[in-house]
1. Looking only at the range 188-201, which residues are assigned to a helix (DSSP H, G or I), out of contact with any helix residue (DSSP H, G or I) (no Cβ under 9 Å at 6 or more places or on another chain) and either of a type in the set (Ser, Thr, Tyr) or under 22 Å from Lys124 (Cβ atoms) (or both)?
2. Of the conditions (1) more than 19 Å from Phe137 (Cα to Cα); (2) modelled with pLDDT of 95 or more, Glu16 clears all except one; give me its number.
3. In the range 175-187, is there at least one residue being within 16 Å of Phe127 (Cβ to Cβ), free of Cβ contacts under 8 Å to residues at least 40 places away in the same chain and assigned to a helix (DSSP H, G or I)?
4. Being closer than 18 Å to Val77 by Cα and either basic (Lys, Arg) or part of a helix (DSSP H, G or I) (or both) is the filter here; which residues of the range 123-166 pass it?
5. Are any residues in the range 86-114 under 13 Å from Phe165 (Cβ atoms) and modelled with pLDDT of 95 or more, and if so, which ones?
6. For Ala212, state whether it is within 30 Å of Met87 (Cβ to Cβ) and part of a helix (DSSP H, G or I).
Amino acid sequence: MQLYTTLEIEQLQQNEDLPYLIEIMEWVKNFLGRPHPNLGRSGVVCPFIPHSLKSNSIRMGVIRAKDLYPEQVEEIVGRYRDIFLGMEVKEQELVINKAFLLIFPDIDIEEASKLIDSVQQKLKPMFVESGLMIGEFHKRNKSPGLHNPNFRPLRSPIPLLAIRFMVEADLPFLESPADPRLRIRYLEAYLKCFGDKFTDETKFKNAHQALALAKEQLKDKNLVH
């Protein structure tokens, strides 16, 4: 699968994947990269998008997943994690703007919530422990916004998985799993990722408190069983 920057997509000609690349590029610019009245806060839907577009740091590719088993899709996406980690970033300040959008046009909307969500859930621990985040996007995504529970920021016109580096603001996504074991894995990876590099002291304290709580809950759970 070829990965294209937004500038490369604008210059592409006679490519069978071009309609999907253009549709997602327009969605990135006009939805993720702009304010929304239902967002619940000021600013654009995704704060990183304007900088990512300006620095040409987003790469998109189309994955043909027809007739593929979930395990095969997991393997493909896992390889893109390795590619993502292996790519050099010339300017340090552009690191957090780097993202891959893996587009799956062959996945029917009825299947998207099952396949895309299951692949994301299966791979997320591996990604988080690599200092990355993987997000699932499709038309039926029910994940609420952080600032407005009625807003659905993860709905895209075509099913896709997004890969990017973890940031301090990701803490709410890592302390949310009901399973304390999973929460412990996520929070330990989060604290390891930022170590003594935290810029927000509150998030550092909150992460430690959430980790202690998860360990206590796991201990209580084991005592019950």
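The values are calculated or read from the model by the stated rules, or taken from the named source; none is laboratory data. Since we're looking at a predicted model, the values are computed, not measured. With ideal geometry, Cβ positions are generated from the backbone for all residues, glycine too; neighbour counts draw on all protein chains shown.
1. Lys192
2. Result: Glu16 passes all but (2).
3. Kept after step one, since they are within 16 Å of Phe127 (Cβ to Cβ), are these residues of the range 175-187: 176-177, 182-183, 185-187.
Then keep just the ones that are free of Cβ contacts under 8 Å to residues at least 40 places away in the same chain; that gives 176-177, 183, 187.
If we keep only those that are assigned to a helix (DSSP H, G or I) too, we end up with 183, 187.
Yes: the range 175-187 contains one or more residues that are within 16 Å of Phe127 (Cβ to Cβ), free of Cβ contacts under 8 Å to residues at least 40 places away in the same chain and assigned to a helix (DSSP H, G or I).
4. If the condition is that a residue be closer than 18 Å to Val77 by Cα and either basic (Lys, Arg) or part of a helix (DSSP H, G or I) (or both), then Leu123, Lys124, Pro125, Met126, Phe127, Val128, Arg164 are the ones that fit.
5. Ala99, Phe100
6. For Ala212, the condition - within 30 Å of Met87 (Cβ to Cβ) and part of a helix (DSSP H, G or I) - is not met.
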